[in-house]
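Contents: one structure, followed by commentary.
The values are calculated or read from the model by the stated rules, or taken from the named source; none is laboratory data. Please read these numbers as outputs of a predicted model, since none were measured by experiment. Cβ placement follows ideal geometry from the backbone for every residue including glycine, while neighbour counts extend to all protein chains displayed. Each accessible area value is taken on the protein alone, full model and side chains, heavy atoms only, with ligands, DNA and RNA left out. Shrake-Rupley method; radii C 1.70, N 1.55, O 1.52, S 1.80 Å.
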Amino acid sequence: MKKIASIDELGVHDIQIAGGKAANLGELTSAGFNVPPGFVLTTAAYDYFIEQKGLIRKVDKALETVDVADDRSLQDASSSIRTAFEEVGIPLDLKDEILREYKKLFRDHHERRFVAVRSSATAEDLPTASFAGQQDTYLNVSSPEDLLDKVRKCWSSLFTPRAIAYRSSKGFDRKKVKLAVVVQRMIDSEVSGIMFTVDPNSELPHIIIEAGYGLGEAMVGGKVTPDTYVVDKFHRKIINKRIAKQTWKLVRGKNGDSVKDDVGEELAARQKIVDEQILALADIGNQIELHYDKPMDIEWCIENGEIFVVQARPVTTLSSNSKIEKPNEVGGKDVKVEQPAEPGMRKVLVRGLAASPGTAHGTVRILGEGMSLDVVKKGEVLVTLMTSPDMVPAMIRAAAIVTDEGGMTCHAAIVARELGIPCVVGASNATKILTQGTLITVDGKMGVVYEGADEVATITRPSNEVVMKSVPVTGTKILVNIGVPHKAEEYARLPVSGVGLMRIEFLFTSHVREHPLALIEQGRSRELVDKLAEGIAVVGRAFYPRPIILRTSDFKTNEYREMKGGEKFEPHESNPMIGWRGCSRYVSEQYREAFKLELVAVKKVREEMGLKNIWVMLPFVRTVDELRKITTMMNEVGLEKGRDFKLYLMAEVPCNIFMADEFADLCDGFSIGSNDLTQLIMGADRDSDILGKMGYFDERNEAIKRAIEHLIVTAHKKGKVVSICGQAPSVYPEFAEFLVRSGIDSISLNPDTVISTIGLIASVEQKIMLESLTRNK
């Protein structure tokens, strides 16, 4: 076996001779991806070194008595082995071969020869374990002597305390794990980062890209919080951005070392890479995933505008490491749904990024710089500025992890997902806000830390699953209607893409129970906002990250008047059904401030609670002018349409149909309210038993179908989506077929009809496809 091989000679099947990192770099190079050139000291070179220098016996002796649960024992064993490695020189023939390959990397002999020296273990970057940060990496190595020293240090890093403990926790035989060393031409990164080709937390088909200025070492180590960009992998759209302020970066120093450098005030809060580069990276990620046929974790960097791939490995923390199928909204396999603990109404202590899903409680253990890892006891919540690879023995004992800094792809996030414990990162001042010894609950799915213990479950992980009835694939999105918040956890287990209609009226009747204007008059506006926010959040958490379309209040005057304190504020109307309701209330001087408090509650849930899956839908919109006024009101409280906030309109008044092109300019989509639309087009009171029995109130009437068809065509021309919320599709198979043939984008159903209607929709879609095939023949 060769002791040294060029990276481009290697492939994914060479893990046993080149280690996971080097084998993957070789595979990427052969596939045509832009990988910095380099060479690899294979495991044969490692074997040759330890045999020639008599190190095997010393390693075995040190590891025979090590206790991986005892940090002191780990430190002593590691120190003994590493000292033995670094006290001896590399055999002369191997040394000469290394230096020859080093010189070949640089065509211009006058340039300074910077390389990166990186460990590549045979148990590293595998589908079941990433060994994140367990062995050493050295950047900006600039001389032959330094190169030889760093190669030896990489070999010895196979026996750091963290690596010994981690291999033990993963069940790897220490005698079978060997180490190769990658030597690559050093890229002087202007921006660097990490990319997941599937969301490692929710497993949604999103590409997650994190980016920071300078060398990637600071970001991977969690020392800086990066930008996070989310790209829809199948539609090549940027669907979310989280821009972080970065005040410093790591750069190459004058002596070749990595040094801190200030980021100017102008650049600090700016997006790190432009949208075109985000999409270019996403394309690379998609291509790499297609090549490997599995979700991948990729490290990248940019120098002079050129994108380089410096590492790729399988994502090790998914519930299944099988390839990701292009999804529809329901899925074509047995639907497995998380069974989380009821979140309740607990006090939120800190918020951060959801880095590893699950819920766990324990007492706070703040680990400061220089403190012994022994202070972290089994079952405690580890709270620290940011974890490092040296902390792995303590992380293994922790029930959950909370850090001040870091992003979704930092060390804490990766290791926590592999260990199967909840983790919240980038929580800013967690180490200052949380108090040593207090009891807290960490919700790693939501990125929230609560006061006290969640008594429902000690630890809830996505592996605690309920397998539901197998459901067929549908191209039409299936959503669910929801009213009562306490049923949200139950309904969230349905195979739906989100909530197509959440009625806020139920929160007024069950949480608030008083007329909004009465509360304002009594100076209790904050109470109204908090109660609405709590109720919305219950549903938002249950379905997160699936979207919740929240319809703002649509009580009629007679219904408002029945609330406590309502008599004073509500007029008597002879026909409340077509009276002062919906948007006409919002723009009126009498009710304007009450409506704005609904918007403030939505803003609180989205911003303070981090539930960006809450969107808004307006009911009973009569004119384009009132829609413009309401949009202005929304902007005033900080709710603006964008990638992660959508505004929908109920299409239930005939003017919504006739003027759909104008309404579409001010919204993101429509949801057909078939009851009101039928009532107003047919002039038939929906509550009239006589007209109902005579067949006048029927969504299947040709006039209603023509109106719906016109809305879908007009909305699609404007690039807007159309949904429907109502019973008709589940009650009338022919009406469901009409909707699918007309091109409806989604159908929102009552919970009890979801499973049966999915089957109905799937059969209709299959029928249409077969008809198309027959016509083509």
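Full-extension gain between GLU303 and TRP248, please, as 0.36 nm times their residue separation minus the C-alpha to C-alpha distance.
18.0 nm
Provide, in order from the shortest bin, the percent of all Cα-Cα pairs of the chain in each 10 Å bin, continuing until the bin that contains the maximum pair distance.
All Cα pairs, binned at 10 Å, distribute as 2, 12, 21, 22, 17, 12, 8, 4, 1, 0, 0 percent.
Contour minus end-to-end for ASP47 and ARG592, with contour as 0.36 nm per residue of separation and end-to-end as the Cα-Cα distance?
Full extension from ASP47 to ARG592 adds 188.5 nm.
Could you check the simple spin-label distance between LEU439 and GLU562, using points 7 Å along Cα→Cβ, in nm with one decimal?
For LEU439 paired with GLU562, the spin-label model returns 4.2 nm.
What pairs in LYS223/LYS432; LYS294/LYS646; LYS3/LYS104; LYS241/LYS347 have C-alpha atoms more than 22 Å from each other?
Pairs exceeding 22 Å: LYS294/LYS646; LYS241/LYS347.
If packing is taken as the average count of other Cβ atoms within 10 Å, what order do 205-214, 558-567 fall into, highest mean first?
My ranking of the peptides, most packed first, is 205-214, 558-567.
Quick one: Karplus J couplings for the range 58-64, per residue in order, coefficients 6.51, -1.76, 1.60, θ = phi - 60°, nearest Hz, x for Gly and Pro?
Couplings: 5, 5, 4, 5, 5, 8, 4 Hz.
So, with +1 on the Cβ of K and R and -1 on the Cβ of D and E, and no other charges, what is the size of the charge dipole of the chain about its Cα centre, to the nearest 20 debye?
Result for the chain is approximately 720 debye, rounded to the nearest 20.
Can you bin the range 177-284 into rounded, prolate or oblate? Criterion: square roots of the alpha carbon gyration tensor eigenvalues sorted a ≥ b ≥ c, rounded for a/c under 1.5, prolate for a/b above b/c, oblate for the rest.
Oblate, since a/c reaches 1.5 and b/c is not below a/b.
Counting only residues 5 or more places away or on other chains, whose amide H sits under 5 Å from the amide H of MET617 once H atoms are built in the peptide plane?
Those qualifying (amide H under 5 Å, at least 5 residues apart or on another chain) are LEU550, ARG551, THR552, TYR648.
If R₀ is 45 angstrom, what is the calculated FRET efficiency for the pair GLU505 and ASN429, using the beta carbon separation as r and rounding to 0.05?
E(calc), rounded to 0.05, equals 0.75.
Which ³J(HN,Hα) values in Hz, rounded to whole numbers, follow from the phi angles of the range 528-536 under the Karplus curve 6.51 cos²θ - 1.76 cosθ + 1.60, where θ = phi - 60° and Gly and Pro get x?
Result, rounded to whole Hz: 4, 4, 5, 5, 5, 4, 4, x, 4.
Among MET650, THR774, PRO422, which residue has its Cα furthest toward the positive end of the charge dipole of the chain, with +1 on Lys/Arg Cβ and -1 on Asp/Glu Cβ?
Sorting the options by dipole projection puts first PRO422.
Can you flag which of LYS260/LYS445; LYS53/LYS153; LYS237/LYS767; LYS568/LYS603 are past 24 Å Cα-Cα?
LYS260/LYS445; LYS237/LYS767; LYS568/LYS603
List the residues whose amide H sits under 5 Å from the amide H of VAL480, counting only those 5 or more places along or on another chain, with H placed 1.01 Å from N in the peptide plane.
When sequence neighbours closer than 5 places are left aside, the close amide H contacts are GLY498, VAL499, GLY500, LEU501, LEU749.
What is the gain in length, in nm to one decimal, between ALA280 and ARG643 on full extension, counting 0.36 nm per residue of separation less the C-alpha to C-alpha distance?
Separation in residues times 0.36 nm, less the Cα-Cα distance, equals 128.8 nm.
Per-residue HN-Hα couplings for the range 136-148, Karplus 6.51 cos²θ - 1.76 cosθ + 1.60 at θ = phi - 60°, whole Hz, x for Gly and Pro?
So the J values, rounded to whole Hz, are 7, 9, 10, 9, 6, 6, 10, 8, x, 5, 5, 4, 4.
Please say if the range 255-295 is rounded, prolate or oblate, where rounded means a/c under 1.5 for a ≥ b ≥ c the square roots of the C-alpha gyration tensor eigenvalues, and otherwise the choice is prolate for a/b larger than b/c and oblate otherwise?
Oblate is the answer for the range 255-295, as a/c is 1.5 or above yet b/c matches or exceeds a/b.
At 7 Å along Cα-to-Cβ for each site, give me the label-to-label distance between GLU265 and ASP76 in nm.
5.5
Provide the solvent-accessible area of HIS716, counting protein heavy atoms only and rolling a 1.4 Å probe, rounded to the nearest 10 Å².
Number for this one is 80 Å².
Could you tell me which of rounded, prolate or oblate describes the range 363-431, using a ≥ b ≥ c as the square roots of the eigenvalues of the alpha-carbon gyration tensor, with rounded for a/c under 1.5 and, failing that, prolate when a/b is larger than b/c and oblate otherwise?
Since a/c stays below 1.5, the shape of the range 363-431 is classed as rounded.
For the range 12-88, count all C-alpha to C-alpha pairs, find those more than 18 Å apart, and express that count as a whole percent of the total.
Looking at the range 12-88, the distances longer than 18 Å represent 58 percent of pairs.
Along the Cα→Cβ direction, 7 angstrom out, place labels at ASP661 and ASP8. What is the inter-label distance in nm?
For ASP661 paired with ASP8, the spin-label model returns 5.8 nm.
With an 8 Å cut-off on Cα pairs and a minimum separation of 6 or more residues, tell me the relative contact order of the chain in percent.
For the chain, the relative contact order is 9 percent.
How much FRET efficiency would the formula 1/(1 + (r/R0)^6) give for TRP580 and LYS718, where r is the Cβ-Cβ distance and R0 is 35 Å, rounded to 0.05?
0.70
Using a 7 Å offset from Cα along Cα-Cβ at VAL88, what residues in the range 34-69 end up with backbone N under 16 Å from the label point?
Inside the label zone: 44-63.
What's the ranking of 18-29, 696-707 by average number of surrounding C-beta atoms within 10 Å, highest first?
Going from most to least packed, we get 18-29, 696-707.
Estimate the FRET efficiency between MET1 and LYS487 by the formula 1/(1 + (r/R0)^6), using the beta-carbon distance for r and 60 Å for R0, to the nearest 0.05.
That pair, MET1 with LYS487, gives E of 0.45.
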